[in-house]
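Report on the following structure.
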Amino acid sequence: MDAATGNPAEARLEDKHGRTYQIRIEPARAGQVLARGTTIAIVSRVSESLYGAASAGKKSSRALIEKRSQETTKKRKSGAA
């Protein structure tokens, strides 16, 4: 099933140790659709069980991923979050 804003889908996540997890995702940007089989990057945590994701193959998505990563790093360094 495709993931769209307000219509999350399941995704398989593999960590750096090769373990796999089933998680729920929806696009980080409104109006975007993530088709089944798309390689994605997790860019935010929407709730306890839902993650925001972006397509890992597009330049605009890479910029979003980088921006979110920098924001998260700043929060961690400042002691917030």
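Right, GLU26: out of contact with any helix residue (DSSP H, G or I) (no Cβ under 9 Å at 6 or more places or on another chain) and modelled with pLDDT of 90 or more or not? Before you say what the answer is, go through the steps one by one.
Details: out of contact with any helix residue (DSSP H, G or I) (no Cβ under 9 Å at 6 or more places or on another chain): yes; modelled with pLDDT of 90 or more: yes.
Considered against the rule, which asks whether it is out of contact with any helix residue (DSSP H, G or I) (no Cβ under 9 Å at 6 or more places or on another chain) and modelled with pLDDT of 90 or more, GLU26 comes out as yes.
With respect to ALA54, determine if the residue is at pLDDT 90 or above, in contact with a helix residue (DSSP H, G or I) (Cβ under 6 Å, 6 or more places away or on another chain), among the hydrophobic types (A, V, I, L, M, F, W, C) and on the phi < 0 side of the Ramachandran plot.
Numbers: at pLDDT 90 or above: yes; in contact with a helix residue (DSSP H, G or I) (Cβ under 6 Å, 6 or more places away or on another chain): yes; among the hydrophobic types (A, V, I, L, M, F, W, C): yes; on the phi < 0 side of the Ramachandran plot: yes.
It is true that ALA54 is at pLDDT 90 or above, in contact with a helix residue (DSSP H, G or I) (Cβ under 6 Å, 6 or more places away or on another chain), among the hydrophobic types (A, V, I, L, M, F, W, C) and on the phi < 0 side of the Ramachandran plot.
Just give me the residues in segment 24-40 being surrounded by fewer than 17 Cβ atoms within 10 Å (Cβ to Cβ) and either part of a strand (DSSP E or B) or among the hydrophobic types (A, V, I, L, M, F, W, C) (or both), in sequence order.
Result: ARG24, ALA30, VAL33, ALA35.
What are the residues in segment 2-23 that are among the small types (Gly, Ala, Ser) and either surrounded by 14 or more Cβ atoms within 10 Å (Cβ to Cβ) or touching a residue at least 24 places away in the same chain (Cβ under 8 Å) (or both), if any? Steps first, please.
Our first condition is that a residue be among the small types (Gly, Ala, Ser); within segment 2-23, this holds for 3-4, 6, 9, 11, 18.
Across segment 2-23, the qualifying residues are ALA3, ALA4, ALA9, ALA11.
The values are calculated or read from the model by the stated rules, or taken from the named source; none is laboratory data. What you see is a predicted model; the values in this text were computed from it and never measured. All Cβ positions, even for glycine, are placed from backbone atoms using ideal geometry, and neighbour counts span all protein chains on display.
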